[in-house]
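A short worksheet on the structure shown next.
The values are calculated or read from the model by the stated rules, or taken from the named source; none is laboratory data. Nothing here was measured: the structure is a model prediction, and the numbers come from that model. Cβ sites come from the backbone with ideal geometry, for glycine too, and all protein chains shown count toward neighbours. In case anyone asks, the SASA skips ligands and DNA or RNA and just uses the protein heavy atoms, side chains included. Shrake-Rupley method; radii C 1.70, N 1.55, O 1.52, S 1.80 Å.
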Amino acid sequence: MQTKPIVHRALPLIPGLLAGAGLNQATAHLEPAFWKGKLPDALVAADGRRIESADDWARLRRPELLQLLSSIVYGMPVPAPAGIEFKVLERSDNALNGKAIRIQGDIVCRGVNQPNPFRMLVYLPKQAKGPVPVFLGLNFNGNHSIDADPGIQIPGWIDDLKPRGENGHRYDLDLILDAGYGIATIHNADIQPDRPDVWKNVARKKDDPATIATWAWGLSRGLDALLTIPEVDPGRIVGWGHSRLGKTALWAAATDPRFAAAISNDSGCGGASLTRHIVEGDKSETLKAIIKQFPHWFALNLNDFIDREEALPVDQHELIALIAPRPVYVASAEGDVWADPEGEFLAAREASKVYRLFGIPGIPEGAAMPDLHRPVGAGVGYHIRAGEHTVTGFDWAAFLDFMNANLPKKP
Ligand code: GTR
């Protein structure tokens, strides 16, 4: 009889693109951390009932958690507009040295007072046979920041103009396109500027949607627009994002079931990492720190839990669980202690309990933190790599391997 819990290493998953990539395996260095209270059990409903089937989950527990995360953390989801129009402005069948189709256009939402349209840039692999899966994410500094491609348009309404290709190192376009995937992006500021004064002169109710919820709504409008492009597979659109935009991608996938999968890269506090799990010495971001610096990101209700994380009726593993049974991938960086890599791993592992109701293994119960550069998990995936808070070629190779293994197959 088993007396002690089995702590097994989650099975490493080193397929295709990562194989032979010169991975150097080593134990990840983690800083000491502590807990503020006990993690809520995703599988116990508010009335104490145990959730034992996928059906109970969908009927009972998921709506409860969606309501809690909406009202307390992000604000109630912004309703979808009556429809959108995607006005194509440019198409080139010979972009990126002949490798890609480039499409650029403006998203206009019906019945919404938009100060500007949302400009979307799409690259699709030219050699594809049939509709392709696409990574859809927001960017921080304008579409022209993701690559030096001089064909990328810079809309007239952009302020704080950054150099072309400034964030190109975060987008391994060759790798993505060669793997048969497309990529689409919208500047986050087109949807809402990342500034606390967006709420100036606005009477904000405690559960009104805040900036992350508004960006997530915008990401869904990007999805609406992708659905108008025949070369895009509507059943394989992956919401992805780095850091604050990773928080956004998770909330977008949680609130919009049309996202086939989601990726969080270094999303940290208010994203993939557990709010109750805190690195000693103020080394990880807490509610207090994040709300002080970014008061516009979350619902005002979250302020009530500053320094009282233990009183929160939800935690971030339940955000990840809302995406079940769709594939979800969480990536951390060893040097990104602010995002709390261990808290991100534990959230993905805990969310896996919900995936198992659907027969999807996720990350095994009790699994230890994997070594550096050793992705783990099926349906729910995780890796930690060496280095800092950014997106690297390693991250993209791992995302692609995971999506190849876990996305629904070609139509
Ligand atoms: C940090 C913030 C994090 C993360 C990051 C980013 O300053 O504290 O929560 O979102 O910014 O978006 O790069």
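If a residue must be under 22 Å from Asp194 (Cα atoms), open to solvent by 10 Å² or more (accessible area, probe 1.4 Å) and not hydrophobic (A, V, I, L, M, F, W, C), how many such residues does the range 130-142 contain?
Number satisfying all stated conditions: 1.
Any idea which of Ala100, Ala95, Ala148, Ala80 is more than 30 Å from Ala299 (Cα to Cα), surrounded by fewer than 18 Cβ atoms within 10 Å (Cβ to Cβ) and not charged (D, E, K, R)?
Only one candidate passes the filter, namely Ala148.
State which residue pairs qualify: first residue under 18 Å from Pro63 (Cβ atoms) and in contact (Cβ under 8 Å) with a residue 12 or more places away in the chain and inside the range 244-256, second residue in a helix (DSSP H, G or I) and within 10 Å of the ligand (Cβ to nearest atom) in any location, beta carbons under 9 Å apart, and separation of 6 or more residues or different chains.
Matching pairs, first to second residue: Trp251/Ile212.
Answer yes or no: is there a residue in the range 308-320 that is within 16 Å of the ligand (Cβ to nearest atom) and closer than 14 Å to Asp340 by Cα.
Within the range 308-320, one or more residues are within 16 Å of the ligand (Cβ to nearest atom) and closer than 14 Å to Asp340 by Cα.
Would you point out the residue of the range 331-360, among those that are away from the ligand (no atom under 16 Å from the Cβ) and not in a helix (DSSP H, G or I), that is surrounded by the most Cβ atoms within 10 Å (Cβ to Cβ)?
Among them, the one singled out is Ile360.
So Gly387 fits all but one of (1) of a type outside the set (S, T, N, Q); (2) surrounded by fewer than 21 Cβ atoms within 10 Å (Cβ to Cβ); (3) closer than 23 Å to Ala216 by Cβ; (4) in contact with a strand residue (DSSP E or B) (Cβ under 6 Å, 6 or more places away or on another chain); what number is the exception?
(3)
Only one of (1) within 16 Å of the ligand (Cβ to nearest atom); (2) at pLDDT below 95 is not met by Val391, so which one is it?
With respect to (1) within 16 Å of the ligand (Cβ to nearest atom); (2) at pLDDT below 95, Val391 is out only on (2).
Residues being of a type outside the set (A, V, I, L, M) and without any contact (Cβ under 8 Å) to a residue 40 or more places away in the chain: count how many of those fall in the range 286-303.
So the answer is 5.
Within the range 233-248, count every residue that is more than 12 Å from Asn139 (Cβ to Cβ) and in contact with a strand residue (DSSP E or B) (Cβ under 9 Å, 6 or more places away or on another chain).
Within the range 233-248, residues that are more than 12 Å from Asn139 (Cβ to Cβ) and in contact with a strand residue (DSSP E or B) (Cβ under 9 Å, 6 or more places away or on another chain) number 8.
Taking the range 367-388, which residues are of a type in the set (Asp, Glu) and either more than 19 Å from Ala348 (Cα to Cα) or at pLDDT 95 or above (or both)?
Once the filter is applied, which keeps residues that are of a type in the set (Asp, Glu) and either more than 19 Å from Ala348 (Cα to Cα) or at pLDDT 95 or above (or both), the range 367-388 yields only Glu388.
For Trp396, all conditions in the list (1) under 18 Å from Leu30 (Cβ atoms); (2) open to solvent by less than 10 Å² (accessible area, probe 1.4 Å) hold save one; what is the number of the exception?
Only one criterion is unmet by Trp396, namely (1).
Look at the range 372-384 and say how many of its residues are aliphatic (A, V, I, L, M), surrounded by 22 or more Cβ atoms within 10 Å (Cβ to Cβ) and over 16 Å from the mean Cα position of the chain (by Cα).
Going through the range 372-384 one residue at a time, the tally reaches 1.
Show the residue pairs meeting these rules: Cβ distance below 9 Å; 6+ apart or different chains; first residue within the range 187-216 and hydroxyl-bearing (Ser, Thr, Tyr); second residue open to solvent by 20 Å² or more (accessible area, probe 1.4 Å) and assigned to a loop (DSSP other than H, G, I, E, B).
Once the first residue is hydroxyl-bearing (Ser, Thr, Tyr) and sits in the range 187-216, its partners that are open to solvent by 20 Å² or more (accessible area, probe 1.4 Å) and assigned to a loop (DSSP other than H, G, I, E, B) give Thr211/Gln192; Thr211/Pro193; Thr211/Asp194; Thr211/Arg195; Thr211/Phe294; Thr214/Val78; Thr214/Gln192.
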